[in-house]
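Chemist: Sharing a structure, written as structure tokens. Questions coming.
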Amino acid sequence: MAFFVSLAKEAAKVEGFEVGLQKQSYYVRLGSLSTKLRARAYQQAVTKVCEAKQKSQETIAHLHQTFALMEYARKNVDSANQKLHDAQEQLFQAWVEWKSKTGYTDTNETQNAEHIENRTLVIARNLTHHLQTTCLTLVSNLQGLPQNIQEQVQHIGKSASDVYQTFRSASSIKEVSDHVLTTSKGQLGKMKESLDGVMDYLVNNTPLNWLVGPFYPQIVDSQHSVHNGGCDGDANEEKQS
């Protein structure tokens, strides 16, 4: 707690300090802080980015598994012909295996191919929306970095939005062509590379122009305290992982 109080007081005195008018949130340029506070603010910010990276990559892994299930459904089942019992049974087994890998729970255990296809598309849409939200939040927390790193950050956000829009607009699994799946998998692969590249840069450098925060001032027992919008942890954990 004392760290955030000191950080807020020091931030108010230095250049690069920005205040959000609506939420009174504090963003501090890393290089404007004293050496001690800079190190701790850096660790907080890197931990936040690390967690967002992990969430994004978990979602990407689930999407790859979901795309594989969609490809299987498209190639092996004509959902308009419910007489293809063997193909439906195989699709159902693939669906059960997918649920086991992703931890997804579906109380409807029907083997109906159309149900499985529709649920798979809905899940892909939800996963891509979650990925977009996580990545856009990540982008908002990565401002003030060198241009080449900033370009990777922007690429992550744009790719996440593009993949989400692709599945948001599809009304059935038949609209998700092999080309769409191949393109989406390629985008996810490049996103993962960019996430790794940005994280590698952050754990090996201390970008002084990086805007870290937000910090929120609150009145507690007539004294000012500040809560960081990030999470606890040490950037060194990323180096060890």
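Chemist: Can you sort Arg168, Arg38 by solvent-accessible area, 1.4 Å probe, largest first?
Modeler: On the way: Arg168 135, Arg38 60 Å².
Result of the area sort, largest leading: Arg168, Arg38.
Chemist: Which links in Lys75/Lys192; Lys48/Lys192; Lys36/Lys192 stretch past 29 Å when you go from one Cα to the other? Spell out each step's value before the answer.
Modeler: Numbers: Lys75/Lys192 27 Å; Lys48/Lys192 17 Å; Lys36/Lys192 32 Å.
Cα-Cα > 29 Å for Lys36/Lys192; rest within.
The values are calculated or read from the model by the stated rules, or taken from the named source; none is laboratory data. Every value quoted in this text rests on a predicted model; they were computed, and no experiment measured them. All accessible areas refer to the heavy atoms of the entire protein, side chains included, with ligands and DNA or RNA removed. Shrake-Rupley method; radii C 1.70, N 1.55, O 1.52, S 1.80 Å.
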